[in-house]
């Protein structure tokens with residue numbers, strides 16, 4: 001099945017509605033918080049070709065707890081996990097210059113997109 005652009009946009013916008021005042025949490029492989037970025041509401045701009053882009057960037061966390069980042073999870077405002085992404089220095093959903101974050105270090109989020117694929 002191939003999703004048409006209008007449907008991909010509707011699904012992407014529905015994801016944005018679900019995030020509603022949520023956040024991105026960078027986590028270790030055992031789900032321990034390393035850094036957290038709070039989104040504005042709405043978090044993303046309007047969908048175009050099934051893609052939504054985070055609004056209000058850059059966002060900083062100046063009180064990171066520190067650790068080695070393995071993944072990032074997007075939560076809604078009620079702390080329900082909506083999505084999980086891999087993290088790495090290349091070929092990952094979340095690209096970082098270094099996966100090691102020191103305690104108290106400032107971590108910046110400069111961009112984030114969510115893409116609804118066309119299908120298989």
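What follows is calculated from the coordinates using simple rules that are stated; it is not laboratory data. In this text, all values refer to a predicted model and were calculated from it rather than measured experimentally.
Points worth noting:
- Centre-to-centre separation between the Cα atoms of the range 29-62 and those of the range 1-19: 17 Å.
- Between the Cα long axis of helix 5-19 and the first principal axis of the chain there is an angle of about 40°, rounded to the nearest 10.
- The chain - mean residue ellipticity at 222 nm from DSSP helices (-39,500 (n - 2.57) per run, n ≥ 4, rounded to 500): -4000 deg cm²/dmol
- Value of Rg to Rh for the chain (Rh from inverse mean 1/r over Cα pairs, i.e. Kirkwood): 0.99
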